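Below is one structure; the comments refer to it alone.
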């Protein structure tokens, strides 16, 4: 979810420690487990415990648990709440029924991406939204500013937490703590743990079979302890980044953002283009019609190079040599060493004429490194399994 230091991090990248960081209710547990923590979207979050590679591998092959309580939690309720949300967010809520979740976006007036988020549809009058940590306040403010008088927007950022239980054995662990698991991908259910209501949703940011558990702070610690006791490996946000990068999932603040349109970033499928109304519709539709000047592509190293955020991408030089003399055609937006593939991979915004199968050169700290342009995911994983 994961990436370069100093970025405006939400699901992914982490930076240097600053003062006044928020902490989740599980912070003391993370410290007791020996976690290394860092600033992550304004929160002091665990980046790794036993090591990124070990935690990444646990999720790909067994089961891990992430504390993602830094993510926002917003309840929108009242007569016509779903219709209101559908008139603001980009995706079409009418594509899904009650008890389902949907990936969506809130767009700027000029067609960029304020935030990408998950929308839980409980009914026509009840919606729950999970925005990114650093953008949660902005999303709440924008929704409140446009909400009808009888629709309320409640911010539950600090009174609820979220655990992401991810991996091939995630269903075993979730069942072991008494929560429902027989859910289709992007389906959700109401349940109870410790006498408190819990939302169980078949979602995640790793590409594996998984569940995200939204629980009140009062039982979050006991829920974490129970999940770990049932066999889940505590995993930090460093592993979440390598996992999401292997799937090609974009990270807000790096791969997507206010200056990047859904079409450029390859997530135009999450826009209800036929809807009569959503924030930024006219600008986004115009950008779609004219065609993008750049596109988000995958990069896979052909040597030992490891791409990192903001590294410059060149065309292969006319003489075919690995040099940095070729035309600049974009930059890396996310990059890492893939623990699964044992090679450098990344995402990059490249000129739109660059095609899958082309070779490019990345400036890796002054050295020309050859990469193949590929279509993610980089690994054979599917969260719908």
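Among the conditions (1) farther than 19 Å from residue 131 by Cα; (2) surrounded by 24 or more Cβ atoms within 10 Å (Cβ to Cβ), residue 298 misses just one, which is (2). One residue stands out in segment 203-261 among those that are assigned to a strand (DSSP E or B) and outside the structural domain of residue 55 (by TED's automatic domain parsing): the one that is surrounded by the most Cβ atoms within 10 Å (Cβ to Cβ), namely 252.
Please indicate, with yes or no, whether at least one residue in segment 356-366 is modelled with pLDDT of 95 or more, under 24 Å from residue 238 (Cα atoms) and surrounded by fewer than 18 Cβ atoms within 10 Å (Cβ to Cβ). Yes - at least one qualifying residue is present in segment 356-366. Note on segment 124-195: enclosed strands (runs of 3 or more DSSP E) holding 1 or more residues that are surrounded by fewer than 20 Cβ atoms within 10 Å (Cβ to Cβ) and more than 20 Å from the chain's Cα centre (by Cα) are 126-130, 152-155, 188-193.
Residue-wise test of (1) touching a helix residue (DSSP H, G or I) at 6+ places or on another chain (Cβ under 6 Å); (2) surrounded by fewer than 19 Cβ atoms within 10 Å (Cβ to Cβ); (3) closer than 21 Å to residue 257 by Cβ.
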| site | (1), (2), (3) |
| --- | --- |
| 319 | no, yes, no |
| 331 | no, yes, yes |
| 348 | no, no, yes |
| 352 | no, yes, yes |
| 375 | no, yes, no |
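In segment 91-102 there is at least one residue matching the filter, namely being in contact with a helix residue (DSSP H, G or I) (Cβ under 7 Å, 6 or more places away or on another chain) and either closer than 21 Å to residue 196 by Cα or assigned to a strand (DSSP E or B) (or both).
The values are calculated or read from the model by the stated rules, or taken from the named source; none is laboratory data. Predicted model, so just to flag it, every value in this text is computed and none were measured. Quick reminder, even Gly has a Cβ in these numbers, built from the backbone with ideal geometry, and neighbours come from all protein chains shown.
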